[in-house]
Amino acid sequence: MLGTGMAAAQPAGYESFENGLPAYIAAPRTGGLSVTPWHSKHGTNSLRWEWARGGELNIRHDLGEVSRTGGFLCRASFAAWVYLEKAHDGALVFEFREGEQVTGSFRFPMQFTGWRPVRLHYDDFPSGKPTSRVDNIRIAAPADVARGVVYFDLIAFNSLTYPSAAINPEKLIPRQARPYLDEQRFPVLTRVSEAELEGLRKLKGPAPKARKSPGLAEAKVTELCDKPKELGVTRDEHGVHGPGLDARGYYCAAVGEYGGKDIRFWPDEHGPNGLVMANPKSFTALASQLAAAYQASNDESQRRRLAEAFLLLADYLQDQGETLAADAITLMRDVLTQAKRFDYHFEALVRSRGGDSFYVIGDAPLRSNMDFYSHYARNLMDLCFVPAETTDQVRWLNAWTAMMEQSLRQPSGAFKVDGSAYHHSGHYHSYAQGAFANFAKFQKDLQDTPWRLSPAAHEQLRRAMLAQRFYANRFDLPLSLTGRSPFWPGYGLMLPAGVKALDTLARLGSPDGKEPIDREVAAAYLRLAPEAAAKEPYLSLGVKPEPEPNGTFVMPYAALLAHRRDDWLVCVRGQSRYCWGSERQARRNCYAVFQSIGSLEILAGGNPVTAKASGRDGAGWNWARFEGTTVPQLPLVDLERAWPANSEVTRSPETFVGGLSHQGRQGVFAMVLNQKITPAGKVIKGKRSWFFSDDRVLCLGSGIACDVTEHPTQTTLCQKSLRNTEPRELLPTSVDGADVVAFPAERTLEPAKPHWFFDVQQTGYYLPAGQTVGIARKHQQSRDVNDWENTEGDFLTAWIDHGKAPKNAGYEYLAVVRATPAAMQKIVAQPPYRVLQRDDAAHIVWDASGRRWGGVFFAPQGEISHAFANEMLPVKAVDRPCLVMTQAASDGGLDVSVADPDLNLRPDGGNQPQPLRVTLRGKWRLLEANGTTCVWPLADVESKVRAVSASDTETVVEIICQHGASYDLKLVR
């Protein structure tokens, strides 16, 4: 049985036993180890081990450097394929040893037949962590099974593997060994109701008309039946044989590696010169052809031969750990059932479409992201119709619906209470837009069936889709919400399919099912597609386009505040421990490390407003100057290196990031700035806040510190294309009332004086004296978002300079949307606000025009005392960091708005409510309390807000804060 077959050369970096039994592999029991052609995953041979209870196989081979990395995010791993002719209850144990000392191990359960893989990163073993000093691997046979046979092939002792390509048999095989549907939770049905039958008919659509087949030519049948053999698939006394199948890409090549313009997956790190395995698609396609021919033939002899050829491929695919395509399983389910092959292929098909992370056991986390709701959820639902019996179809649909509901309501679910839509663990509109279109459509398909999703599930989708109207203007998103695709065509905007999805959602009706058309959603759709108001069903119902959204909207789970008036949008976004700010993939977006680190963008230019007319242009964009950010002005090479090690997103260790909406009209946003700039370990820190009052945004910073000594740290006020109009001629810049037309030009404004200027969309900037302000009109050169090409453009930029390596810098400026020269001159003469405190403890502002107090408390405050123009700050103390706005009511009462921006997430992703106590001056009685996230009210707020104590000098109010919500309190004497 010992073979030395050389039909396939042994690939570099692997042991595939094409050269016989290696000297470094041995088993103590004589005769138990051999190389055989009976089964193989690569080439023609594999290693066969006959084991007995307590037996062991010894591989005396080193691992190389286990900390090795390469390509795009790939790390060193151990990989192998294992084959069983008969399933067992036990498990093989792989021990990685230094001499006799075990440094790491994993179990390989044996409840399977055919080939199964393992691919584990050395730094992420189930038990221990193998080192580069490992010199032998011990494979121990099951201790609770008398004897058996196992085969090994394609062993790689050190193969670079992409993170998501890892395969852990300890988790994979036990899940595959259990039926997907738990009979206790989803019992086998013996009958179905008329409503369920009607639901099946609706979802499956009309049955195709029966047509008598003309039959198949004998030559065609012979040709199809001969093809498995032509592909190398045969059967003998040892089972089925054929080329090893595996189309997975385990290695992700970096940009430029093997000539790639972008990242690309390969079987291994050798790319086009590496491992070659057969693709299952050729074999599954042939199986589907055989299935179609079987159905088309009306000759029993032909059908018998076609079924035999089909089952040969089905067994071969099963032996290789693969499965048939859905159409083949559906067409041949009777043949597969009779041959007792249906269960394997159907459940393997479910697994191939993400079933393992959907049909989970108990309360285990389910897959929940925008791709899942866009594609995979519907694909899994469609598989419910593959079983032949209607009882089975209903059972699977019942299970699918239950798991969908569980996926949506779990604490880590992707649709958040504030309308955020999560992908890659963050609010991500580029992915969400596809989910909005597809999820809304198949929710519509489920309407009027027993499997219609719950009103709560409907409301989750509804909120996420309606939230777009607050952070998009009209169709364009702020750069901070464009993920890894700023400036890339087709990203960062609501596409026509996304707009049409609102129409689909409106026709789904109200979540409670009482109204056939959701009027609020319909009105939101008609604002974006006003021509549809003249069409049914909106014409007869009299639904009109909604007005432009106005107000202040906070989305805590997106670390976002959107402030709107008229048809313009101001958006500020930060990052925290819970909300990432920037994302890259290889070279894509590799320079945008500061994309959302407290960026403030105004979209107010054009009619209708567009990002382009507002001055946005990627050609020549300076990636260190996202508007509103306070960062060191790093060159491109340093920006690319400033990302966190082994991470594609930027986060902060801080939890104090978020916003407050005061009565839905005004607001404040704040963040503790703390970002490491790797690999040098330098850090940018500070306290930052933004106060929103109608058309004004007051921007404050304190404690700005950065240990980058080579480049100045600056707060960017604006970066606008000077050629954003048609014709694309250079626009002048008004500075202190005088037009600057020179180009190129750069100046530093006199620090001893206050200044004001306009950007290209008539946003006015007021800068109090005492700051070093730079303004430039220059030609800029840069790189595009993919780092493919050089770009260039003419820009207006303005900034506040904090110098190199500032220790305790600060800033103050006011942005006024669509200002006039007269308005700016009035502000310079008499600013409509007063900053009472701006330090590490708090930012406290009096807004004179609105007669409002705004406070950002970065730390607990035991005693606060501020007054201005006979107005005393009503807040006396707070016991935790928070945001507060107060305003005296016309009836003598006091309106107080409070938010705890700390999401305080549990390990399962859910919010943990926490109490906040605010002490107010004087004696007050709590009359009313409301809580909102974005625009949606929280339930049961009255029970979570109470006046703890009240005396003549002070009143203590306690709020049980959750979800970063804004709480509006009405107090009276």
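The values are calculated or read from the model by the stated rules, or taken from the named source; none is laboratory data. Because the structure is a prediction, the values reported are computed rather than measured. Cβ atoms come from the backbone with ideal geometry, glycine included; neighbour counts cover every protein chain shown. Remember, those area values only see protein heavy atoms, side chains included, never the ligands or the DNA or RNA. Shrake-Rupley method; radii C 1.70, N 1.55, O 1.52, S 1.80 Å.
Could you grab me the full set of residues in region 275-290 that are in contact with a strand residue (DSSP E or B) (Cβ under 6 Å, 6 or more places away or on another chain) and among the small types (G, A, S)? Reasoning before the result, please.
Quick first cut of region 275-290, residues in contact with a strand residue (DSSP E or B) (Cβ under 6 Å, 6 or more places away or on another chain) only: 278, 280.
Residue satisfying the conditions is A278 alone.
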Worksheet entry | Among the candidates Y294, Y316, residue that is aromatic (F, W, Y) and under 21 Å from L84 (Cα atoms) | Y316
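Just to check your reading of the model, which residue among A815, A823, A819, A776 is assigned to a loop (DSSP other than H, G, I, E, B) and either of a type in the set (F, W, Y) or more than 30 Å from A586 (Cβ to Cβ) (or both)? Steps first, answer last, please.
On the way: A815 fails: assigned to a loop (DSSP other than H, G, I, E, B); A823 fails: assigned to a loop (DSSP other than H, G, I, E, B); A776 fails: assigned to a loop (DSSP other than H, G, I, E, B).
On inspection, the qualifying residue turns out to be A819.
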Worksheet item: For region 789-817, how many residues meet the condition of being over 30 Å from K685 (Cβ atoms) and either crowded, with 17+ Cβ neighbours inside 10 Å or at pLDDT below 95 (or both)?
Response: 3
Response to the item:
Of the residues in region 924-957, those that are out of contact with any Ser or Thr (no Cβ under 6 Å at 6 or more places or on another chain) and in a loop (DSSP other than H, G, I, E, B) number 9
Worksheet entry | region 844-872, residues that are out of contact with any Gly (no Cβ under 7 Å at 6 or more places or on another chain) and in a strand (DSSP E or B) | W846, R852, W853, G854, G855, V856, F857, Q861, A867, F868, E871, M872
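Looking only at region 576-595, decide whether some residue is in contact with a His (Cβ under 7 Å, 6 or more places away or on another chain), of a type outside the set (D, E) and at pLDDT 95 or above. Show your work before the answer.
Within region 576-595, the first condition is being in contact with a His (Cβ under 7 Å, 6 or more places away or on another chain), and the residues that meet it are 583.
Checking which are of a type outside the set (D, E) leaves us with none.
No, the conditions are met nowhere in region 576-595.
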Discussion item. One residue is enough: does region 697-717 have a residue meeting the conditions part of a loop (DSSP other than H, G, I, E, B) and open to solvent by less than 20 Å² (accessible area, probe 1.4 Å)?
Written reply: yes
Item to complete: Within region 928-973, track down each residue that is within 18 Å of R665 (Cβ to Cβ) and free of Cβ contacts under 8 Å to residues at least 24 places away in the same chain.
Response: P937
Worksheet item: Do we have any residue at all in region 377-387 that's of a type outside the set (S, T, Y), closer than 27 Å to S510 by Cβ and in contact with a His (Cβ under 8 Å, 6 or more places away or on another chain)?
Response: no
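Yes/no matrix, rows are residues, columns are (1) farther than 30 Å from R577 by Cα; (2) open to solvent by 60 Å² or more (accessible area, probe 1.4 Å):
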residue: R906; (1), (2): no, yes
residue: P915; (1), (2): no, yes
residue: R925; (1), (2): yes, yes
residue: T932; (1), (2): no, no
residue: S949; (1), (2): yes, no
residue: T955; (1), (2): yes, no
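Residues are listed down the side, and each one gets a yes or a no for (1) open to solvent by 10 Å² or more (accessible area, probe 1.4 Å); (2) over 39 Å from the mean Cα position of the chain (by Cα):
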{"residue": "L21", "(1), (2)": "yes, yes"}
{"residue": "V35", "(1), (2)": "no, yes"}
{"residue": "K86", "(1), (2)": "yes, yes"}
{"residue": "M110", "(1), (2)": "no, no"}
{"residue": "R116", "(1), (2)": "yes, no"}
Worksheet item: Hey, any hits in region 181-196 for a residue that's free of Cβ contacts under 8 Å to residues at least 60 places away in the same chain, open to solvent by less than 50 Å² (accessible area, probe 1.4 Å) and under 30 Å from L311 (Cα atoms)?
Response: no
Worksheet item: Of these, D968, D891, which one is open to solvent by 30 Å² or more (accessible area, probe 1.4 Å), assigned to a strand (DSSP E or B) and not small (G, A, S)?
Response: D968
Discussion item. If I go through region 441-497 residue by residue, how many of them are more than 27 Å from D787 (Cβ to Cβ), open to solvent by 10 Å² or more (accessible area, probe 1.4 Å) and part of a strand (DSSP E or B)?
Written reply: 0
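Identify, from the list P751, P727, the residue that is at pLDDT below 95 and either within 20 Å of K826 (Cβ to Cβ) or not in a strand (DSSP E or B) (or both). Full working, then the answer.
Working: P751 fails: at pLDDT below 95.
Step by step, each of P751, P727 is checked, and only P727 is at pLDDT below 95 and either within 20 Å of K826 (Cβ to Cβ) or not in a strand (DSSP E or B) (or both).
Against the definition (under 27 Å from T650 (Cα atoms) and in contact with a Ser or Thr (Cβ under 6 Å, 6 or more places away or on another chain)), how does H423 come out, yes or no? Let's see the steps before the verdict.
Details: under 27 Å from T650 (Cα atoms): yes; in contact with a Ser or Thr (Cβ under 6 Å, 6 or more places away or on another chain): no.
Answer is no for this residue.
May I ask you to list the residues in region 382-411 that are in a loop (DSSP other than H, G, I, E, B) and crowded, with 17+ Cβ neighbours inside 10 Å?
Kept after step one, since they are in a loop (DSSP other than H, G, I, E, B), are these residues of region 382-411: 384-389, 410-411.
Within region 382-411, C384, F385, V386, P387, Q410 qualify.
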Fill in: Answer residue from region 158-180, given it is open to solvent by 20 Å² or more (accessible area, probe 1.4 Å) and of a type in the set (A, V, I, L, M, F, W, C) and is modelled with the lowest pLDDT among those
A177
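Would you call V672 in a strand (DSSP E or B), in contact with a His (Cβ under 9 Å, 6 or more places away or on another chain) and either in contact (Cβ under 8 Å) with a residue 12 or more places away in the chain or more than 22 Å from W568 (Cβ to Cβ) (or both)?
Values: in a strand (DSSP E or B): yes; in contact with a His (Cβ under 9 Å, 6 or more places away or on another chain): no; either in contact (Cβ under 8 Å) with a residue 12 or more places away in the chain or more than 22 Å from W568 (Cβ to Cβ) (or both): yes.
So V672 fails the test.
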Item to complete: Have a look at L306, L312, L286 and point out the one that is buried (at least 23 other Cβ atoms within 10 Å of the Cβ), out of contact with any His (no Cβ under 8 Å at 6 or more places or on another chain) and in a helix (DSSP H, G or I).
Response: L306
Response to the item:
Of (1) in contact (Cβ under 8 Å) with a residue 12 or more places away in the chain; (2) touching a Pro at 6+ places or on another chain (Cβ under 6 Å); (3) open to solvent by 10 Å² or more (accessible area, probe 1.4 Å), A742 satisfies every one except (2)
Worksheet entry | Candidates A523, A533, A506, A529 - the one that is modelled with pLDDT of 95 or more and surrounded by 21 or more Cβ atoms within 10 Å (Cβ to Cβ) | A506
Worksheet, complete the sentence: Note on region 826-842: residues buried (at least 16 other Cβ atoms within 10 Å of the Cβ) and in contact with a Gly (Cβ under 7 Å, 6 or more places away or on another chain) are R838, A842
Worksheet item: For region 638-684, how many residues are on the phi > 0 side of the Ramachandran plot and at pLDDT below 95?
Response: 2
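When you check L603 against the structure, is it surrounded by 23 or more Cβ atoms within 10 Å (Cβ to Cβ), under 29 Å from T932 (Cβ atoms), at pLDDT 95 or above and not assigned by the TED database to the domain that holds V935, yes or no? First the steps, then the outcome.
Working: surrounded by 23 or more Cβ atoms within 10 Å (Cβ to Cβ): yes; under 29 Å from T932 (Cβ atoms): yes; at pLDDT 95 or above: yes; not assigned by the TED database to the domain that holds V935: yes.
The answer is yes for L603.
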Worksheet item: Here are D246, D262, D236: which of them is within 19 Å of L317 (Cβ to Cβ) and open to solvent by 50 Å² or more (accessible area, probe 1.4 Å)?
Response: D236
Worksheet, complete the sentence: Residue count, region 538-573, condition of a type outside the set (F, W, Y), touching a Ser or Thr at 6+ places or on another chain (Cβ under 7 Å) and not in a strand (DSSP E or B), comes to 3
Item to complete: Out of the residues in region 354-381 that are polar (S, T, N, Q) and crowded, with 19+ Cβ neighbours inside 10 Å, state the one that is nearest to H423 (Cα to Cα).
Response: N369
Worksheet item: Is there a residue in region 759-771 that is free of Cβ contacts under 8 Å to residues at least 40 places away in the same chain, out of contact with any Pro (no Cβ under 7 Å at 6 or more places or on another chain) and assigned to a loop (DSSP other than H, G, I, E, B)?
Response: no
